[in-house]
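The values are calculated or read from the model by the stated rules, or taken from the named source; none is laboratory data. Quick caveat: nothing in here was measured; it's all calculated off a predicted structure. Glycine also receives a Cβ, built like all others from the backbone with ideal geometry; neighbour counts cover every protein chain displayed.
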Amino acid sequence: MTRFPWILLAALTLPAFAPAQSADAPARLAPLPVGVSSLGATVCDGQLYVYGGHAGKTHSYDTRTVLGTFHRLPLTPGSKWEALTGGPIAQGMNLVTQRGQVVRVGGMQPRNAPGEPADNHSLTECASFDPKVGAWSALPPLPAGRSSHDVVAVGDKLVVVGGWEQKGGGEKPAWHDTALVLDRSAAAPKWQSLPQPFARRALTAAALGTKVYVLCGIDADAATSLRVDRLDTETGTWSRGPDLPGSGRVGFSPAATVVGGKLVVSTSDGRLHRLDAAGEAWEKVAASATRRMVHRLVPYSTGVLLVGGAIQGDNAAELEFVALPK
């Protein structure tokens, strides 16, 4: 682990790393309606959905700069973003696709107006959006507020990992040391708590088969980590995976997805790593032209899209495609 004030992460100057080029790169897609970081993003039925996020200056949050907007973009050249019914303003959460629906879980909501002292609260609200009817439906709320976490789907199960609970101005946040599982196939779905062998936030997660990989993050002592933990959702047991390569500072808010049955991770130094078939080693497979943190990664064409994020203190609107080798 590496210890340093995480508030300085956005100002880090990282070494140059040449991005991969590909003749197979698809045509450029429309940028986000507004540059945002700490947003939620997922692909459902060939469309990219994005929710909320932070559109203001780094580490400055208020009711104007944190969004509750919801948009989608067909992943075809020339497509335009469509505004959908949004919801509560929130950042520090993600979206996941399950049962042909888009699901959001928790997030951080500032309740202070611009210029007022920070008053940040982690949310318990969960909801699913059905593209067929164009509306949100409530899901069982979390047992406690949670933000700076991640959520993945394993079959009918939603799995929430990491994060903390912010309780408003002047209150000390509570770090979560349990994962949560919601089986949506149950007659009366209810969140079940599962011990978690870590307490980290600003992490990322992805599901490979029945296993959930939880990568990197930062702890209550501001120590960043490259650690990888694996949850077997069939047995409820945890194991360790191979640490992500790199220096400790890239462990803050990376992004992960699964492409072609393999786990891919994007970190703030621009490098993209892929887990080998055995799940025991990482290989560097590509690099992005932009170095982003608190962004999202989704599959697209022969590679991935980097969605949103912070680039040297600014919020990114451009979607960057990065090709991956087979």
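Taking every residue in the range 278-289 that is over 16 Å from Y213 (Cα atoms) and pairing it with any residue that is modelled with pLDDT under 95, at least 6 positions away or on another chain, the pairs with Cβ-Cβ distances below 6 Å are A286/A20; A287/F17; A287/P19; A287/A20; S288/P19; A289/P19. For the range 45-81, residues that are among the hydroxyl-bearing types (S, T, Y), in contact (Cβ under 8 Å) with a residue 40 or more places away in the chain, farther than 16 Å from F321 by Cβ and part of a loop (DSSP other than H, G, I, E, B) total 4.
Yes or no, residue by residue, for (1) of a type outside the set (D, E, K, R); (2) under 24 Å from G145 (Cβ atoms):
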site: L67; (1), (2): yes, yes
site: P77; (1), (2): yes, no
site: K80; (1), (2): no, no
site: A90; (1), (2): yes, yes
site: V102; (1), (2): yes, yes
site: G106; (1), (2): yes, yes
site: R111; (1), (2): no, yes
site: G115; (1), (2): yes, no
site: E125; (1), (2): no, yes
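At least 2 residues being of a type in the set (V, I, T) and under 20 Å from the mean Cα position of the chain (by Cα) is the threshold, and among the strands (runs of 3 or more DSSP E) wholly inside the range 112-166 those reaching it are 150-154, 157-161.
Conditions tested, residue by residue: (1) within 24 Å of G92 (Cβ to Cβ); (2) of a type in the set (D, E).
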residue: D221; (1), (2): yes, yes
residue: T224; (1), (2): yes, no
residue: L231; (1), (2): yes, no
residue: E234; (1), (2): no, yes
residue: S239; (1), (2): no, no
residue: P245; (1), (2): no, no
residue: A255; (1), (2): yes, no
residue: V258; (1), (2): yes, no
residue: L275; (1), (2): no, no
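Considering the range 210-261, the residues that are assigned to a strand (DSSP E or B), of a type in the set (V, I, T) and touching a residue at least 60 places away in the same chain (Cβ under 8 Å) include one that is surrounded by the most Cβ atoms within 10 Å (Cβ to Cβ), namely V214. Residue pairs whose Cβ atoms lie under 6 Å apart, separated by 6 or more positions or on different chains, with the first residue in the range 166-194 and under 30 Å from A113 (Cβ atoms) and the second in a loop (DSSP other than H, G, I, E, B) and of a type in the set (D, E, K, R), are G168/D119; G169/D119. When R227 is tested against (1) touching a Pro at 6+ places or on another chain (Cβ under 6 Å); (2) within 23 Å of R292 (Cα to Cα), only condition (1) is not met. Pairs are defined by a Cβ separation below 6 Å, a sequence spacing of at least 6 or placement on different chains, a first member in the range 195-207 that is within 19 Å of V96 (Cβ to Cβ) and in contact (Cβ under 8 Å) with a residue 24 or more places away in the chain, and a second member that is among the basic types (K, R) and part of a loop (DSSP other than H, G, I, E, B); no pair meets this definition. Does the range 292-304 include one or more residues that are at pLDDT below 95 and polar (S, T, N, Q)? Within the range 292-304, one or more residues are at pLDDT below 95 and polar (S, T, N, Q). Filter the range 49-76 for residues that are closer than 22 Å to A153 by Cβ, aliphatic (A, V, I, L, M) and surrounded by fewer than 24 Cβ atoms within 10 Å (Cβ to Cβ) and give the result. Within the range 49-76, L73, L75 meet the criteria.
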